[in-house]
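**Q** Before we start, here is the structure in question, set down as structure tokens.
The values are calculated or read from the model by the stated rules, or taken from the named source; none is laboratory data. Here the structure is a predicted model, which is why all the values come from computation and not from measurement. Positions of Cβ are backbone-derived with ideal geometry, glycine not excepted, and every protein chain shown enters the neighbour counts. Note: accessible area is taken over every heavy atom of the protein model, side chains too, but ligands, DNA and RNA are not part of it. Shrake-Rupley method; radii C 1.70, N 1.55, O 1.52, S 1.80 Å.
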Amino acid sequence: MTSQITSPEEFFGFQLGSDRKIARWDRIVGYFDKLKEQSDRIKVVDMGPSTEGNPFLLVIISSAENIGNLEQIRGNNLKLSDPRGLSDDEVEQLIVRGKAVICQSMSLHATEIGGTQMAPEIAYELVTREDEETRRILENVVFLMVPCFNPDGQIMVTDWYNRWLDTEYEGVGLPWLYHKYVGHDNNRDAFQTNMVESKYMAKIMFRDWKPQAYVDHHHMGSYGARFYVPPYCEPIHPHADPLIWREHSWYGAHMAYRLEEAGKTGIINAAQFLAWGHLGFHWITIYHNIAGMLTESANAKLATPLYIHPGQLKGDSRGTLPTYDPQTNFPHPWSGGWWKLRDIVEQQKISAWATLDIAARHKETVLRNAYLKAKRQTERGACGSPAAYVIPSDQHDPVTTAKMVKKLIIQGIEVHIAREDLAADAVVYPTGSYVVSLAQPKSGLVRTLLGRTLYPDTAWTRGRDGAPLRPQDTATDTMAEFMGVSVDPVNSITGGNLERVDEVTWPEGGIPGVSEYGYVLDPRINNSFVAVNRLLGEGAKVSRATCPIKCEGISLPDGSFIVSEAEPGSLKKLAEELHLVFHPLGEDVEEKTLINNLRVGMYQRYWGGNIDEGWTRFVLEQFEFPYKTLMDGDIKKGDLKKRLDIIILPDDPEALITGLEIEKWWDEHFPWWPLPSFPPEYRSGIGEEGVENLKKFVEDGGTLITFNAACELAINKFELKLRNVLDDVPPKEFFCPGSTLKACVDTCHPTAYGMPGDSLIFFWNSPAFEILPSGDNDRYEVVISYPERDILESGWLIGEEKLKRKTAMVIARYGEGRIVLIGFRTQLRAQTHGTYKLLFNSLLS
């Protein structure tokens with residue numbers, strides 16, 4: 001009986017969205033546990049622990065009959081999502097018998113709290129209401145709800161908010177990342193699925209259920225429209241089925257209509273958020289033939305109301321809402337006043353309900369569209385060019401190649417392996433090569449991840465003055481280029497004895513012989529660094545060859561690892577687990593340098609945290625580099641060389657590292673948003689004192705490694721004979737947002753051991769260096785430089801000539817130490833495996 005079902009207000013003791021109250025995730029989990037005991041319309045699935053051990057829930061809501069028949073519904077749904085081999089009659093029967101599957105997720109970004117607060121309310125209404133509209137939804141729709149995409153962050157934010165209630169800091173955001181590693185970037189992890197939360201979501205959407213539509217509920221800035229609903233605005237990404245874009249307008253119009261009907265104002269659609277976005281979950285789903293959408297609510301101060309004067313309301317910077325005035329996609333502006341969490345909860349609930357409602361009213365249309373998108377994308381792939389991508393088995397780093405193939409399989413992409421040699425476009429590829437055909441429903445996703453991508457340079461991507469407009473995020477997310485994996489587009493394939501694989505075939509590791517001189521590891525393989533770190537921790541002796549090595553008829557390059565005094569059992573275990581070959585040496589190698597355990601520290605700040613620092617921690621831990629986190633006080637107290645050998649400054653502007661003139665920097669870069677007023681102990685910065693201690697550290701023989709924007713601090717504060725040639729260059733003359741660029745690498749330099757001579761690096765608001773003439777020219781070592789021409793591989797580059805022959809990575813000697821300036825994103829979001837070695841080598845050399 002619905003009268004026996006506990007309401008959210010009864011359970012939590014307040015209406016969700018009430019002023020100055022946030023329901024904590026553990027209590028929300030408890031509420032869903034109670035609902036599943038009280039109603040047969042709901043199933044709660046614990047997908048497993050989050051990064052920090054909290055439950056990650058999938059809540060499935062439908063009629064009692066559908067809940068009892070979920071496996072049959074899921075199976076029918078999967079057939080429609082890949083209808084190859086089905087007759088027209090079978091398709092029609094699946095459409096008639098099937099149920100629309102709609103997925104919605106809440107509060108992926110933990111400070112965007114409205115969605116998770118809304119989730120118990122919409123669940124309660126669905127399991128208790130008996131009106132015709134609700135019954136139609138329950139009968140025709142299976143609702144997959146992820147009530148909290150980031151449980152760890154939700155708990156952090158709730159506890160932080162409650163800590164500062166009734167103080168002047170009430171409502172200020174979290175001063176550190178709201179996830180152990182990635183903070184806001186959890187929405188950039190959909191295509192590489194590094195975080196466990198991303199793996200759960202990929203399992204739900206890309207393999208287990210494949211819903212027809214997906215809505216991700218977010219928040220945005222406070223001083224414009226109150227609520228964004230689909231569709232996206234220009235520019236469009238080229239590889240989605242056209243029905244996707246029509247569905248966005250269809251769902252979004254119904255949301256906007258229901259919001260207007262409910263008296264909500266300030267609703268905008270077809271604006272602000274681009275159809276060409278990063279491969280976060282609400283964008284990558286487009287290429288899975290899922291109508292992936294997002295909503296964006298104007299922020300309050302977490303659960304504290306925010307008063308907004310009418311004169312403070314503004315349009316957007318791209319010109320989709322030039323002024324805060326009515327237009328066809330924004331007919332009813334909000335007039336200002338108090339803006340509350342409850343406003344956010346209500347409008348998100350209306351839009352979430354509207355999505356379910358339109359799918360229920362047009363269930364057969366939704367399912368037929370799913371069939372048509374899959375069928376047409378398969379047909380486009382079958383008759384288009386290229387016909388397939390071949391991933392050759394003979395790769396620079398075969399283990400990283402296998403990791404990439406595993407990521408493709410996680411996406412639900414169909415992958416085949418060649419059990420025999422195959423011929424493609426007159427090239428013979430060896431056994432073990434992979435083939436990814438475009439003749440599959442996810443052909444758009446395949447093109448996006450494996451094919452060269454050029455961001456559009458059109459009227460939609462330029463302002464009225466001709467200046468380029470910033471993309472939503474990166475200009476490309478080309479997985480193969482990021483990971484340093486060679487992929488060949490081909491138009492015809494013969495032979496190969498191709499076999500579909502659901503699991504990757506890893507390179508075979510082993511120890512092919514015994515040697516009294518030691519064993520050699522290939523420095524081109526990233527996993528070799530994991531082995532080296534473990535061996536050093538076990539007390540083994542590890543050196544690096546400073547010349548090429550030949551053993552067993554195999555030639556290995558400069559920088560190969562020579563291992564001795566290691567336990568044979570340990571080597572065997574490492575070879576098997578990490579898919580590595582320990583090549584036995586036939587003679588001693590004299591030209592080598594010993595590797596020592598170096599003490600590594602990395603700077604971590606507040607001001608909301610540095611996402612690049614979090615990702616770097618994750619990468620270091622994945623490859624088992626020991627490190628220590630350094631806060632302001634650790635640097636300010638000095639004597640750094642007594643405690644550390646290497647200090648890393650992740651990508652960050654000088655002002656956020658030093659804390660000096662931060663107000664000025666903030667006003668220049670974020671004029672539309674006030675500087676957060678954090679409690680004094682969270683206003684970080686190493687100050688001039690910290691800078692002087694860093695200089696003393698390097699003078700005394702330490703190594704300072706700076707990434708991307710942090711190179712600015714090294715150049716300015718250490719007065720290096722370097723100039724960033726891109727400083728103060730207007731964007732009409734140079735612009736390169738998140739793109740892969742070709743680079744020339746000195747592979748004989750110890751920091752570049754194991755790299756290919758011609759590499760791709762990820763450039764994103766990066767510097768390009770010029771060494772200024774001086775008597776100290778010999779104290780600067782160029783590791784990577786840009787070529788003469790044709791520098792862009794994927795993304796968008798204006799002003800290529802500015803990069804011609806300029807330096808991308810340089811090492812400066814300073815006193816007895818050195819500064820390694822890596823002027824690009826070498827470990828971006830744990831995605832750019834192809835340039836990891838530049839960081840790893842810098843930590844070992």
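**Q** Which of the strands (runs of 3 or more DSSP E) found entirely inside the range 202-270 contain at least 3 residues meeting this: of a type in the set (A, V, I, L, M, F, W, C)?
**A** Counting at least 3 such residues, we get 213-220.
Yes or no, residue by residue, for (1) over 31 Å from the mean Cα position of the chain (by Cα); (2) of a type in the set (V, I, T):
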position	(1), (2)
E52	no, no
V59	no, yes
E65	yes, no
K79	no, no
E90	yes, no
L94	yes, no
S105	no, no
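**Q** Determine if the range 560-574 includes at least one residue that is at pLDDT below 95, over 21 Å from N841 (Cβ atoms), over 39 Å from the mean Cα position of the chain (by Cα) and open to solvent by less than 20 Å² (accessible area, probe 1.4 Å).
**A** no
**Q** Then there is this: Is the range 431-438 home to any residue that is open to solvent by 10 Å² or more (accessible area, probe 1.4 Å), more than 26 Å from T740 (Cα to Cα), in contact (Cβ under 8 Å) with a residue 60 or more places away in the chain and not aromatic (F, W, Y)?
**A** yes
**Q** Yes or no: E689 touching a Leu at 6+ places or on another chain (Cβ under 7 Å), assigned to a helix (DSSP H, G or I) and open to solvent by 80 Å² or more (accessible area, probe 1.4 Å)?
**A** Details: touching a Leu at 6+ places or on another chain (Cβ under 7 Å): no; assigned to a helix (DSSP H, G or I): yes; open to solvent by 80 Å² or more (accessible area, probe 1.4 Å): yes.
Judged against the criteria, E689 is not a match.
**Q** Has the range 277-292 got at least one residue that is under 26 Å from the mean Cα position of the chain (by Cα), buried (at least 24 other Cβ atoms within 10 Å of the Cβ) and assigned to a strand (DSSP E or B)?
**A** Within the range 277-292, one or more residues are under 26 Å from the mean Cα position of the chain (by Cα), buried (at least 24 other Cβ atoms within 10 Å of the Cβ) and assigned to a strand (DSSP E or B).
**Q** Right, something else. Any idea which residue in the range 614-635 is surrounded by the most Cβ atoms within 10 Å (Cβ to Cβ), counting only those that are touching a residue at least 40 places away in the same chain (Cβ under 8 Å) and of a type in the set (D, E)?
**A** Top of the filtered list is D632.
Conditions (1) open to solvent by 80 Å² or more (accessible area, probe 1.4 Å); (2) farther than 25 Å from E414 by Cα; (3) in contact (Cβ under 8 Å) with a residue 24 or more places away in the chain, marked per residue:
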| position | (1), (2), (3) |
| --- | --- |
| S50 | no, yes, yes |
| L57 | no, yes, yes |
| A64 | no, yes, yes |
| L70 | no, no, yes |
| L80 | no, no, yes |
| R84 | yes, no, yes |
| D88 | yes, no, no |
| I95 | no, no, yes |
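**Q** List the residue pairs whose Cβ atoms are under 7 Å apart, where the first residue sits in the range 683-700 and is free of Cβ contacts under 8 Å to residues at least 40 places away in the same chain and closer than 22 Å to G609 by Cβ, the second is of a type outside the set (S, T, Y) and open to solvent by 10 Å² or more (accessible area, probe 1.4 Å), and the two are 6 or more positions apart or on different chains.
**A** If the second residue must be of a type outside the set (S, T, Y) and open to solvent by 10 Å² or more (accessible area, probe 1.4 Å), the pairs left are V691/K717.
**Q** Look through the range 661-686, keep the residues that are touching a helix residue (DSSP H, G or I) at 6+ places or on another chain (Cβ under 6 Å) and of a type in the set (G, A, S), and return whichever of them is farthest from F769 (Cα to Cα).
**A** Ranking the qualifying residues of the range 661-686, first place goes to S684.
**Q** From the list A291, A253, A262, pick out the single residue that is closer than 30 Å to A374 by Cα and in contact with a helix residue (DSSP H, G or I) (Cβ under 6 Å, 6 or more places away or on another chain).
**A** On the way: A253 fails: in contact with a helix residue (DSSP H, G or I) (Cβ under 6 Å, 6 or more places away or on another chain); A262 fails: closer than 30 Å to A374 by Cα.
Residue meeting the stated conditions: A291.
**Q** At pLDDT 95 or above, out of contact with any His (no Cβ under 6 Å at 6 or more places or on another chain), open to solvent by 10 Å² or more (accessible area, probe 1.4 Å) and among the hydrophobic types (A, V, I, L, M, F, W, C): is that true of F11 in this structure?
**A** On the way: at pLDDT 95 or above: yes; out of contact with any His (no Cβ under 6 Å at 6 or more places or on another chain): yes; open to solvent by 10 Å² or more (accessible area, probe 1.4 Å): yes; among the hydrophobic types (A, V, I, L, M, F, W, C): yes.
Judged against the criteria, F11 is a match.
**Q** Further question on the same structure: Go through the residues of the range 464-487 one by one and say whether even a single one is of a type in the set (F, W, Y) and either surrounded by fewer than 17 Cβ atoms within 10 Å (Cβ to Cβ) or not in a helix (DSSP H, G or I) (or both).
**A** no
**Q** Identify, from the list D19, D26, D33, the residue that is under 30 Å from E346 (Cβ atoms), part of a loop (DSSP other than H, G, I, E, B) and open to solvent by 10 Å² or more (accessible area, probe 1.4 Å).
**A** D19
**Q** Provide a single number: the residues in the range 502-545 that are under 16 Å from S560 (Cβ atoms) and free of Cβ contacts under 8 Å to residues at least 12 places away in the same chain.
**A** The number of residues fulfilling the criteria is 0.
**Q** What are the residues in the range 708-737 that are over 15 Å from V698 (Cβ atoms) and under 26 Å from the mean Cα position of the chain (by Cα), if any?
**A** Listed by number, the residues that qualify are N708, A709, E712, P731, F734, F735, C736, P737.
**Q** Could you tell me which residue of the range 396-414 is least open to solvent (accessible area, probe 1.4 Å), considering only residues that are farther than 23 Å from G509 by Cα and among the β-branched types (V, I, T)?
**A** Here the residue is I413.
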